[in-house]
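Visitor: Have a look at this one.
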Amino acid sequence: MVGLSATHMLLLDEPTNHLDIETIDSLADALNEWDGGMVLVSHDFRLINQVAHEIWVCENQAVTRWEGDIMGFKEHLRSKAGL
């Protein structure tokens, strides 16, 4: 069995589901202190804004790096939807 000290990568899929704001902030603090790699899949723009250093977008059978922050991506999605 691999111990937590041997872990260098976190895979997080919607980690904020059913969490309140204070707990999400605590999670963000812990993730920012994490000294390993992380793949975060989330619709929580607030958490992404707090912890993401890079944003990768999966669409149209391709994965591309978004050149900007999450709020810019959110505006891109609104524009694409005609909102």
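Visitor: How many residues does the stretch 66-80 hold that are outside any helix (DSSP H, G or I) and either closer than 18 Å to Leu11 by Cα or of a type outside the set (A, V, I, L, M, F, W, C) (or both)?
Guide: So the first thing to find is which residues in the stretch 66-80 are outside any helix (DSSP H, G or I), and the list is 66-69.
Restricting the remaining residues to those that are either closer than 18 Å to Leu11 by Cα or of a type outside the set (A, V, I, L, M, F, W, C) (or both) gives 67-69.
Residues meeting the conditions: 3.
Visitor: Let me ask something else. Please state which of the following conditions Leu83 fails to meet, knowing it meets all the rest: (1) in a loop (DSSP other than H, G, I, E, B); (2) of a type outside the set (Lys, Arg); (3) open to solvent by 70 Å² or more (accessible area, probe 1.4 Å); (4) touching a helix residue (DSSP H, G or I) at 6+ places or on another chain (Cβ under 8 Å).
Guide: Result: Leu83 fails condition (4) only.
Visitor: Let me ask something additional. Taking the stretch 66-80 as the search range and keeping residues that are open to solvent by 90 Å² or more (accessible area, probe 1.4 Å) and more than 16 Å from the chain's Cα centre (by Cα), which one is farthest from Ser42 (Cα to Cα)?
Guide: Applying the first criterion (open to solvent by 90 Å² or more (accessible area, probe 1.4 Å)) to the stretch 66-80 yields 67, 75, 78, 80.
When the remaining residues are screened for being more than 16 Å from the chain's Cα centre (by Cα), the result is 75, 78, 80.
Working: Glu75: 17, Arg78: 17, Lys80: 20 Å.
Result: Lys80.
Visitor: Could you list, in sequence order, all residues of the stretch 25-65 that are outside any helix (DSSP H, G or I), of a type outside the set (A, V, I, L, M, F, W, C) and open to solvent by 70 Å² or more (accessible area, probe 1.4 Å)? Break it down into steps so the answer makes sense when it comes.
Guide: Taking the stretch 25-65 first, the residues outside any helix (DSSP H, G or I) are 34-44, 52-65.
After this cut, where a residue has to be of a type outside the set (A, V, I, L, M, F, W, C) as well, the list is 35-37, 42-44, 53-54, 59-61, 64-65.
The answer is Asp35, His43, His53, Glu54, Glu59, Asn60, Gln61, Thr64, Arg65.
Visitor: So, in the stretch 24-57, how many residues would count as being polar (S, T, N, Q) and either within 20 Å of Leu77 (Cβ to Cβ) or in contact with a Ser or Thr (Cβ under 8 Å, 6 or more places away or on another chain) (or both)? Write out each step before concluding.
Guide: Kept after step one, since they are polar (S, T, N, Q), are these residues of the stretch 24-57: 26, 32, 42, 49-50.
Filter again for either within 20 Å of Leu77 (Cβ to Cβ) or in contact with a Ser or Thr (Cβ under 8 Å, 6 or more places away or on another chain) (or both), leaving 42, 49-50.
The number of residues fulfilling the criteria is 3.
The values are calculated or read from the model by the stated rules, or taken from the named source; none is laboratory data. The model shown is predicted, which means the values in this text are computed figures rather than measured ones. A quick note on method: Cβ atoms are made from the backbone with ideal geometry, for glycine too, and the neighbour counts reach across all protein chains shown. For accessibility, only protein heavy atoms count, side chains too; no ligands or nucleic acids. Shrake-Rupley method; radii C 1.70, N 1.55, O 1.52, S 1.80 Å.
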